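Heads up, the thing below is written out as structure tokens.
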Number of protein chains: 2
Amino acid sequence: MTNHRNFKFQLVFFYFYANFENFKNQILYQKMAKFLTDREENYAQWYNDLVIKADLAENSAVRGCMVIKPYGYAIWENIQAELDKMFKATGHVNAYFPLFIPKSFFSREAAHVEGFAKECAVVTHYRLKNSENGTGIVVDPDAKLDEELIIRPTSETIIWNSYRNWIQSYRDLPILINQWANVVRWEMRTRLFLRTAEFLWQEGHTAHATREEAVEETMKMINVYTEFAEKYMALPVIRGYKTDNEKFAGAIDTYSIEALMQDGKALQAGTSHFLGQNFAKAFDVQFTDRNGKLDYVWATSWGLSTRMIGALIMAHSDNKGLVLPPKLAPLQTVIIPIFKNAEQLGKITELALRLKSELEKAGIKVKYDDRDNNTPGWKFSNYEFKGVPVRIAIGPRDLENSTAEIARRDTLTKETISVASVTGRVIKLLEEIQGNIYNKALQFMKENTYYPDKWSDFVDIIENRGGFVMAHWDGTSETELKIKEETKATIRCIPFDSGEEEGKCIFSGKPSKRRVLFARAY
Amino acid sequence: MTNHRNFKFQLVFFYFYANFENFKNQILYQKMAKFLTDREENYAQWYNDLVIKADLAENSAVRGCMVIKPYGYAIWENIQAELDKMFKATGHVNAYFPLFIPKSFFSREAAHVEGFAKECAVVTHYRLKNSENGTGIVVDPDAKLDEELIIRPTSETIIWNSYRNWIQSYRDLPILINQWANVVRWEMRTRLFLRTAEFLWQEGHTAHATREEAVEETMKMINVYTEFAEKYMALPVIRGYKTDNEKFAGAIDTYSIEALMQDGKALQAGTSHFLGQNFAKAFDVQFTDRNGKLDYVWATSWGLSTRMIGALIMAHSDNKGLVLPPKLAPLQTVIIPIFKNAEQLGKITELALRLKSELEKAGIKVKYDDRDNNTPGWKFSNYEFKGVPVRIAIGPRDLENSTAEIARRDTLTKETISVASVTGRVIKLLEEIQGNIYNKALQFMKENTYYPDKWSDFVDIIENRGGFVMAHWDGTSETELKIKEETKATIRCIPFDSGEEEGKCIFSGKPSKRRVLFARAY
């Protein structure tokens, strides 16, 4: 018995076992699989195919709004569960604030309204009625709201309007609240998960007695996101400050984590904002400090959204379909029987259910797929496509030898091991896969990070290679905007860890003290 | 050492230990506590006071929309966690559909639009801009939507429009999907949790190949709600069919669970709808059955909302504040130290943290409150008010005797037991309390269920006593509406378990074969 079942074996297998129905399915599936455009051919199309064909999400009848299908939503549930634990471990609690924001609230913070006004969904009426000609329903003109309501694009304004009543003294601080919610930003060009009119996210909104404490919270939460991205999503990220052009509308400082996708574009994966006293001033939230002095409250906010599912897909997947990090995969292991008759299936099922129960006891999400209307080959391809990290196959020869075949999705390698060692091996494999896809992504990021010192090199990298470009910048918005205009590259962040280095701005030649991270971005 | 620390002891205690700050807090708290109107005096005011003063929720600046505060939201998180487990155990998966519904979708099912049109929030524009006179922002008239979007009041229409593309053959069925979401119904008179313009809920939407399977699912889910209400919420309920007047707009049949509140009014706590082929027909969702015949798909939907938090409060709480069932309480046990100096506090803290860790290992949500800016008495009242099921107090005498005082919120009784037996006792007490408040509510329901056979008795009960009224009804909408007009009582449901009984309609005197459940309702 070799470690790899070869192609010949598969052919022999099909010769013996495949009935016409199975054969037809196999052909259909192969046809379907071809609809997954190659990553190298058209990355955008590959991504879209993958999201739709892996049943993660689809476009809805409402412009820019997606339907998150059960398999995609299960990933979001896993993201939620892990993040929520991390938030609670750092002292936060959840709450829920209204979907609607009165238009007047929204405009109280000048930079904030400027940043969001162009993408707001507006509720103007609260009733429908039958049309006068009897052909359908119309908006009742008598049910016009005195003041229009904005569907929250983010909740700082409605939340700080509540905090005003909650905070009198330093004893009421800090407030450490998170909200899981849907938000709406009327984006003109949308893409499943990456940019949709409605999306799901969490938004933390905290209130503090001092500037130092708020800055500390802002940093703490970008670190929580970093840990989450690296440990759970297997996604290496660069932490840093946003420039004034790129920061959150209403923030003093925005920290972000930036990840590199396989097409060389950056994706902002999470942001944490130090809001200073801006929202406290806009909503008149003052408190009495320890010395009896009245002051405005200090604020932070931080968010991470369903966009992360897009990052997950784009960072790890390949031409055979999804590759999911075991820690977030809805299904971690699948067991597939290979059989030619009911008697064999019976025996295999007995063994498979025993293994399934062992694996479940070890906390592994496992499924036994004994459907008889698809061939094992079809199932192999299908679960590969769906990114299930580990596949266990059990055939008649395995029954004889007390073995099982274990295949891993990330490397597509297989091994045949004794039944007794399956559970231990799977536990270990899931860890290995989690580590391996992180390392692969880290390696990719390293190999695709450049340090040009000449403008022509910068342009060449951005135009022809893509990737993270660490270059000197003179610190002016003017230069930043000109670079964007000429190359579509933006400053993703000023990395916390980039270190001081004397140099000259890649564009203007003026002196610079550190490199910043440029890239084209999603 | 007696089982009860008496009032005298408390006075002595305060004489020795209370400093002025503590004393002031105590007075303040007693003043505050008086703001909780007595239940018997004004039930509606009692409820509202309780929700607000126990920090469960508050009204927001947006008409009819509430803010669910952390303590209230923690109850919702517990409800979600338990229900979600039950849904998954019965084969359901979660997904997410858009917040928005195109107006035209909404009106495709005639009864459905009729039922919801009057309470819809309507989005008409997608952009704001600076006003021409420069004084603020206005809705951009150029950004008018071609078709208005309705904020979902429920999602049948947008979901069945998606299902059309998901279902071709019986092999694609059943679809067993649930969604956790916010919905908006523009109610004119709102009350925290019970009736708000925006609320949180879950809505299940399933698709089946046969009528029988859909009916079975409808029943299965009303049974899940029943089990949840009784086992977790400690809330006895009556299951039954809604009459045509009361059923869901678009359903063939609605099953509901009805609970009795302490003021004698009924509250509909969860509904499960058999939708027949109504939505499949409205959205043209057909499938090929096992015999190759084309048919419309059969549907159910079922929902339970944040309204349940209102039911929880109204069913169990008293004039001292909340009484929460241990299985859903955000905090199940609190440990309070009674001390006069730092040395004592140190020793008590050592013991308290040991107990806390023991209790946490047993899966109990426990907090040690060693804040020194409030008296133990203030804390006692406060946690009583918040409905924490079990309180553990440890004072200097307990240290000497290796004892602790355990108090239960439901009966307000106390006992002093050895430290070694605390964890075991608390585990048992939490079960006892869960059982006791269920039994108390069941007893109340039984005592307040009436079986009148004369119209004058019926009216007298409804007007003067309240409660569940089981009475004969002739089965006509006409009679039902007349009874409602005269007494404000409606048929809450036709109970599954009421049994056949010959009788005469309480109102018309016409023959009837079973009693139905009447009540005034929330």
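Each value in this text was obtained by applying a stated rule to the coordinates, not by laboratory testing. All figures in this text were calculated on a predicted structure; none of them were measured in a lab. Methodologically, a virtual Cβ is constructed for each residue, glycine included, from the backbone with ideal geometry; neighbour enumeration extends over all protein chains shown.
So here's what we get for this one:
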quantity: The range B:46-81 and the range B:319-341: distance between their alpha carbon centers, rounded to Å; calculated: 18
quantity: Overall dimensions of the range A:70-316 by Cα: Rg and Dmax, Å; calculated: 19.6, 69
quantity: Potential lengthening between A:Ser418 and A:Ser357 on full extension [0.36 nm per residue; Cα-Cα distance subtracted]; calculated: 20.3 nm
quantity: Ratio of Rg to Rh over chain B (Cα coordinates, Kirkwood Rh, two decimals); calculated: 1.04
quantity: Cα-projected label distance for B:Glu485 with B:Ser169, points at 7 Å along beta-carbon direction, nm; calculated: 5.6
quantity: Euclidean distance of C-alpha centroids, the range B:182-212 and the range A:232-278, integer Å; calculated: 36
quantity: Order of A:Thr349, A:Thr196, B:Thr449 - criterion: other Cβ atoms within 10 Å of each residue's Cβ, fewest first; calculated: B:Thr449, A:Thr349, A:Thr196
quantity: Amide H contacts of B:Phe248 (H built 1.01 Å from N, under 5 Å, at least 5 apart or other chain); calculated: B:Thr254
quantity: Peptides ranked, highest mean first, by Cβ atoms within 10 Å: ranges B:481-489, B:103-111, A:381-389; calculated: A:381-389, B:103-111, B:481-489
quantity: Low-density loop positions, GluC sites (Glu not before Pro), the range A:119-200 - DSSP coil, at most 12 other Cβ in 10 Å; calculated: A:Glu132
quantity: Cα-based Rg and Dmax for the range B:288-360, where Dmax is the largest Cα-Cα distance (Å); calculated: 25.7, 83
quantity: Globularity ratio of the range A:449-519, using Cα Rg and 2.2 N^0.38 Å; calculated: 0.96
quantity: Under the Karplus curve 6.51 cos²θ - 1.76 cosθ + 1.60, θ = phi - 60°, whole-Hz ³J(HN,Hα) for the range B:513-521, x wherever Gly or Pro sits; calculated: 10, 7, 7, 10, 9, 9, 5, 7, 9
quantity: Modelled FRET efficiency - R0 60 Å, B:Met86 with A:Arg397, Cβ distances, 0.05 increments; calculated: 0.90
quantity: Computed label-point distance, nm, for sites B:Thr449 and A:Glu147 using a 7 Å Cα→Cβ extension; calculated: 4.8
quantity: When each of A:Lys488/A:Lys513; B:Lys265/B:Lys484; B:Lys53/B:Lys356; A:Lys69/A:Lys265; B:Lys85/B:Lys281; B:Lys103/B:Lys484 is checked by Cα-Cα distance, pairs over 21 Å; calculated: A:Lys488/A:Lys513; B:Lys53/B:Lys356; A:Lys69/A:Lys265; B:Lys85/B:Lys281; B:Lys103/B:Lys484
quantity: Reciprocal mean inverse distance between Cα atoms of the protein assembly as shown - Kirkwood radius, Å; calculated: 32.1
quantity: Residue mean of other protein chain beta carbons inside 10 Å, A:63-69; calculated: 6
